[in-house]
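The values are calculated or read from the model by the stated rules, or taken from the named source; none is laboratory data. As the structure is a computational prediction, the values presented were derived from the model and not from experiment. These accessible areas exclude ligands, DNA and RNA; they are computed on the full protein's heavy atoms, side chains included. Shrake-Rupley method; radii C 1.70, N 1.55, O 1.52, S 1.80 Å.
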Amino acid sequence: MDRTIDLDGCVNFRDLGGYPTTGGRKLRWRVLFRSDALHALSAGDVDRLRDELRMTDIVDLRSTYELSNEGRGPLEHEPIEFHHNPLFDGDPSESERKEAAEMSLGERYLGMMRFGHEKMTNAVRRLARAKGGAVYHCAAGKDRTGVLSAVMLGALGVSDELIVADYALSGERIDEIIARVMSMKGYKDTLLDMPEDTLHAYPESMQEVLAGVASEWGSMRDYLVAGGLSEDDLDRLAEKCLD
């Protein structure tokens, strides 16, 4: 099956199905999806998500400011559960901006995992409890979405090598991703102020994250347990996503 799902209103919508786990199982197709922002979907896109992909839940990782600027789009009028779960909200201080600018992208991702530990865990909880197909997204579908993907894939037993490969797939469409984000309200100046490595999806960034997680928490599963995810929800996630 195709991992990349071409939609009129998104450029980075992907299925997480098909990845093998170290336990000998595989992620089920057409259950869990990652994406860039969904507000510009066409009527045909909406029909496809609702009828073909059987979408029941959306987890939106954007900030309150981003959500108010761009809105939810046409899916707001569909019978799909919407969960606003910003990994961070509000503007960083000048000192925080300077500190982040001196970090590598992988270090910034690890900072996001620490700062948004409870929110990251809650996003996984929401996805584990979804009744049908579930999609999570941010603006570009690369950074916040990429880190959450790594957390879930790791918790489900996918190898580090494949977690890195999944992250790096965003790099194949990076020009389209940047162009789309630059066209949205409030993002252009923010992107121009970001460190240069933010505009890439190099494997080294995710490799740094995985090494940091191993050192600080032990594993992605341990990270989620430390964030308050129950064994029942971990079992629910595996039951939902694994063949």
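Can you pull the percent of region 1-89's accessible area that's carbon plus sulfur, 1.4 Å probe, other chains left in place?
C and S atoms contribute 47 percent here.
Give me the accessible area per residue for the chain, probe 1.4 Å, as a whole number in Å².
Values: 11180 Å² over 243 residues.
Per residue, the chain has 46 Å² of solvent-accessible surface.
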Run through every distinct alpha carbon pair of region 81-174 and return the Kirkwood hydrodynamic radius in angstroms, one decimal place. 14.5
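At a 1.4 Å probe, what is the % contribution of carbon and sulfur to the accessible area of region 134-243?
Numbers: 2370 of 4690 Å².
Reported share for carbon and sulfur atoms: 50 percent.
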